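To start, the structure itself, in structure tokens.
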Amino acid sequence: MNILMIYPEFPDTFWGFKHALKFIHKKSGAPPLGLLTVAAMLPADWNKRLVDLNIQKLTDKDLAWADYAFISGMAVQSHSAREVAERCKAAGLKVVAGGPLFTIEHELFDDVVDHFVLNEGELTLPPFLDDLAHGRAQHLYTTTDYPDIQQTPIPQWELLDLKRYATINIQYSRGCPFNCDFCNVTALLGHRPRIKTAAQIMAELDGIYQLGWRSNIFFVDDNLIGNKRSLKTELLPALIEWQKANRGIAFNTEASINLADDEELMEMMVAAGFNTVFIGIETPDEDSLAECNKKQNLKRNLVEDVKRLQRAGLQVQAGFIVGFDSDTPSIFQRQIDFIQKSGIVTAMVGLLQAPPGTKLYERLKGEGRLLNRISGDNVDGTTNIIPRMNLDLLREGYRNILQQIYSPKQYYERVKTFLREYKPPKIRNSLSFQEIMAFFRSIVRLGIIGRERLQYWNLLFWALFRRPRLFPEAVTLAIYGYHFRIICEQHVV
């Protein structure tokens, strides 16, 4: 059996880093972890080929070779996923689809997908494979149960062309203990964090390392600290030991803001190699936090929490939302002020959206306030809800936030604010040839022909004399800023 595993193309988005990746001659930020994991669950004697449309084209030869096409993706890849499925059907291939996009809205693809294998593949893939082997494969496989991911196999990394990616993804846990009403993580993966063993993660890391990977690794857990006890007693000690071999590989992940309350945990994460963490800040407004059930962010000094994480050696990236029912026109300047004061350089700001399956979706559906499907793009200025605030006022305020925080003046000021606080970790990647070349490319693109050239040179000389150990971070963040400005200009400015 020949299985063609296809990952749809991402549009040009905030997190795609398309314009930043050009500086290091990479095609994509990260590979499709879900498809690689599914590949490891398929029969060993099946032939498998991965086509990631973010780094290569799907050819007629690929389609002619295959017996089945397996497609997975997220909401933001919806347009490309449909195009791929239609092309596979036209070529006479049976199409099997799974992953978050299809789990949430599979009915929209009924006409182009033969078999939906939804939810978590550890539970729904085996019955599909059994039925397929006996000639009785059904159209839909789904479950309300959650699997034990300690039985999940190591992803089939060897299907990848590692040189084309900027980072590699692995996963330690699934699920989140919190219940934010706009987030579909718990709808998909549940409230109780399920974890792999430390031995599993070490085996995955060793496999990646043996294939020659020496760059960043992203733990894609929606909340890495959802189970603090296992993190402290099992995973982090194992990672710290793993790093003693001078591997120098840096990790980044996602976590909740209560990480800032646990000094021991922060110290252990940094010792293990973590240097960046994404936090869902959402809003500085207490009423809006209460409205969306973001209890873990309430009654806190969020700016000081962020700075505590930065001083511990963790760069904070964060998500922000405007458009809550409690928001007033003052929220736009308050968001700008918070982002600038906190030194959160990578600040993803979006309009409130209601993904299917969330409590927010059900509430707004009952109130007759749903408009259409979500785009899956957090920073495209769209929303699928009817907000309490006048929609034109909301959009204008949103555009103003992005114009302000990603203008060269304010962006570079924010980089300095961050670098003043940040304590660089001991574990650091050695600079690769491509990263060195990226610096020289940034001189041309940002320092010579870019409209931010004055701010660029000011930052570099400031870092060189004030924070010389952080000079590489200054260059990297300057390049990120170039990408963010292009995204903002394309979508909403």
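The values are calculated or read from the model by the stated rules, or taken from the named source; none is laboratory data. Predicted, not measured: the structure shown is a model, and the values here were computed from it. Note that we place each Cβ from the backbone using ideal geometry, even for glycine, and neighbour counts take in every protein chain shown.
Structure values in brief
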| item | result |
| --- | --- |
| Checking Val277 against (1) touching a strand residue (DSSP E or B) at 6+ places or on another chain (Cβ under 7 Å); (2) surrounded by fewer than 21 Cβ atoms within 10 Å (Cβ to Cβ), the condition it does not meet | (2) |
| Hits in region 222-274 - residues which are over 22 Å from Ala30 (Cα atoms) and of a type in the set (Lys, Arg) | Lys228, Arg229, Lys232, Lys244 |
| Positions within region 102-161 being assigned to a loop (DSSP other than H, G, I, E, B), among the hydrophobic types (A, V, I, L, M, F, W, C) and farther than 25 Å from Gly376 by Cβ, in sequence order | Ala137, Ile154 |
| Region 242-257 residues that are more than 16 Å from Gln317 (Cα to Cα) and surrounded by fewer than 18 Cβ atoms within 10 Å (Cβ to Cβ), paired with ones that are modelled with pLDDT under 95 and of a type in the set (S, T, N, Q) (beta carbon under 9 Å, 6 or more apart) | Gly248/Asn429; Gly248/Ser430 |
| Hits in region 31-50 (condition: surrounded by 20 or more Cβ atoms within 10 Å (Cβ to Cβ) and in contact with a strand residue (DSSP E or B) (Cβ under 6 Å, 6 or more places away or on another chain)) | Pro31, Pro32, Gly34, Leu35, Ala39, Lys48, Leu50 |
| Qualifying helices (runs of 4 or more DSSP H) (wholly inside region 377-493; at least 3 residues being under 28 Å from Ser330 (Cβ atoms) and without any contact (Cβ under 8 Å) to a residue 24 or more places away in the chain) | 391-405 |
| Check on Gly323, in the same structural domain as Glu396 (by TED's automatic domain parsing), in contact (Cβ under 8 Å) with a residue 12 or more places away in the chain, in contact with a Pro (Cβ under 8 Å, 6 or more places away or on another chain) and buried (at least 17 other Cβ atoms within 10 Å of the Cβ) | yes |
| So Asn54, is it within 27 Å of the chain's Cα centre (by Cα) and free of Cβ contacts under 8 Å to residues at least 60 places away in the same chain | yes |
